[in-house]
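Laboratory data are not the source of any read-out in this text; all were calculated from the coordinates shown. Being a predicted model, the structure only gives us computed values, none of them experimental. Because the Cβ atoms are built from the backbone with ideal geometry, glycine has one as well, and the counts that use them run over all protein chains shown.
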Amino acid sequence: VFLSLQLFGTIVWILVASTGVPLPLLQGWVMFVAVTAWFLSIVFLSVFLLGYAGRIAVNWNQADFIFHGATFVFYFGAFLLQAATTSLHHFPRKFNSTTQERIMGGREYNISIAASVCALCVCI
């Protein structure tokens with residue numbers, strides 16, 4: 001489970017960063033969740049691989065349940081925000097301008113769809 005979280009979390013992180021972050025308020029949270037979950041899963045996995053789990057008196061089943069439950073909640077929220085960002089691609093960037101510059105171009109829209117799908121894959 002940790003490796004799939006690592007893989008899809010890294011993909012979400014890369015895809016969102018490559019869109020140019022057109023809506024920083026929404027996509028900033030997505031990046032925060034992806035980076036934080038990636039880092040914490042590395043720490044959690046390192047505890048087990050380096051053998052510290054036997055030295056630390058913690059109920060590891062409960063800690064694992066809490067970690068993955070919190071990760072699910074945060075990543076599902078990040079998925080919803082990324083999907084909302086993707087759905088706004090056809091709106092103009094400046095509402096008072098006479099130019100029709102879109103929030104996202106075609107390439108950024110496709111990348112944003114992929115980031116939404118990968119964020120949902122982390123939840124599953």
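Over the chain, DSSP H runs of length four or greater, each weighted -39,500 (n - 2.57), average out per residue to a 222 nm ellipticity of -25000 deg cm²/dmol.
With the gyration tensor restricted to C-alpha atoms of the chain, the semi-axes of the equivalent ellipsoid amount to 36, 12, 11 Å, longest first.
In the chain, Cα pairs under 8 Å separated by at least six residues give a relative contact order of 39 percent.
Of Gln27, Gln62, Gln82, the residue with the greatest mean-square motion in the GNM of the chain, using alpha carbon springs below 10 Å, is Gln62. Close amide H contacts of Arg102 (hydrogens built in the peptide plane, cut-off under 5 Å, sequence separation of 5 or more or a different chain): Arg93. The distance between label points at Gln6 and Val58 comes to 1.8 nm (points 7 Å beyond Cα on the Cα→Cβ vector).
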